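Novice: Sharing a structure, written as structure tokens. Questions coming.
The values are calculated or read from the model by the stated rules, or taken from the named source; none is laboratory data. Note that this is a predicted model, so its numbers are computed, not measured. Cβ placement follows ideal geometry from the backbone for every residue including glycine, while neighbour counts extend to all protein chains displayed. Ligands, DNA and RNA are excluded from the accessible area calculation, which covers all protein heavy atoms including side chains. Shrake-Rupley method; radii C 1.70, N 1.55, O 1.52, S 1.80 Å.
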Amino acid sequence: FKKRRASLLALSLCLLFTALGFLRPYAKYDYKQEAFNQALDEECEMEMTVSSVVYASSVKSAYSVRFLHEEMEIQALLVCEYQATFSPGDILSGTVTLKSIDDISESSAHYKSRGLFLALISSEDTLSVTDHAPLTLKVRLERLNSHLHNTLAEVADEDTANLLSALLLGNRDVLHDRVIRDFRRAGLSHVLAISGMHLSILVGIVEITLRIFGMRKRNRCILLLLMALFY
């Protein structure tokens, strides 16, 4: 046992984190969201904070937002049926219509895995930015992700930019349903997820670049580990 306790500890930790991954969607579910079932399809005045950009185009935009309900924070998907330019950290105020996530998307299971069970629909451009939340590390990283996605959109056509954003930044929500369908039919859905393959290619490119510039192996390893964690 003494010889193998390190291996057993590593195996136990792997099993624990795997179990947490499966339980994550259920851990995020908030029973208080059931209180909104009676208010579905109704308009209400609401104040919310943008957590991240889900997707944005010239005709439609969606954001992950959070708001307070009975002193408890609720997460929801804000869908703007028009071109919107909100950023993570923006505090919005306006009128929205409450919907169940199952009623607006065929990818409801994907959104539920992110803790989004409720949808807020803004059919008219009535939402306004009233304030900005403190720029925490998470907000800064979300803004960086959004900036990189917009940069890709400027240098490539929409379909190519969205595919690159999914492969490089993990933004699968920007992909058209037909693209996801085609990848699924071809058995290549895993290519669209940030995985070991993507990380290996990225780390390999950076490692070769650092080696060309003559950086010592120890320093390369430290830098690559930090880069992998950041990514």
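Novice: Mind ranking ARG5, ARG218, ARG181 by accessible surface for me, highest first, 1.4 Å probe?
Specialist: ARG218, ARG5, ARG181
Novice: Here is a follow-up. Top to bottom by accessible area (1.4 Å), largest first, where do VAL96, VAL206 land?
Specialist: I get VAL206, VAL96, largest accessible area first.
Novice: Ranking request for peptides 134-142, 73-81: highest mean number of other beta-carbon atoms within 10 Å first, then the rest in descending order. Intermediate results must be reported in sequence, preceding the final value.
Specialist: Working: 134-142: 12.3, 73-81: 20.7.
Going by the mean number of other Cβ atoms within 10 Å, highest first, we get 73-81, 134-142.
Novice: As a check on your grasp of the helix formula, calculate [θ] at 222 nm for the chain: sum -39500 (n - 2.57) over DSSP H runs of n ≥ 4, divide by the residue count, round to the nearest 500.
Specialist: Rounded to the nearest 500, the figure is -14500 deg cm²/dmol.
Novice: Which value results for Rg/Rh of the chain when Rg is the Cα radius of gyration and Rh the Kirkwood radius based on the inverse mean 1/r?
Specialist: Computed over Cα atoms, the ratio is 1.02.
Novice: Quick one: Karplus J couplings for region 193-203, per residue in order, coefficients 6.51, -1.76, 1.60, θ = phi - 60°, nearest Hz, x for Gly and Pro?
Specialist: Using θ = phi - 60°, the values come out as 9, 5, 9, x, 4, 4, 5, 5, 5, 5, 5 Hz.
Novice: Using a 1.4 angstrom probe on the protein heavy atoms only, line up PHE183, PHE22 by accessible area, largest first. Walk me through the numbers before you get to the answer.
Specialist: Values: PHE183 50, PHE22 155 Å².
Highest to lowest solvent-accessible surface, that is PHE22, PHE183.
Novice: Lys and Arg at +1, Asp and Glu at -1: add these up for the other residues within a Cβ distance under 13 Å of HIS190 and post the number. Display every interim value, and only then the final one.
Specialist: Numbers: positive: ARG172, ARG184; negative: none.
That works out to +2.
Novice: If you line up the long axis of helix 5-28 against the longest principal axis of the chain, both from Cα atoms, how many degrees apart are they, to the nearest 10?
Specialist: Tilt relative to the chain: about 10 degrees.
Novice: Please tell me the relative contact order of the chain in percent, rounded to the nearest whole number, where contacts are Cα pairs under 8 Å and at least six residues apart.
Specialist: 15 percent
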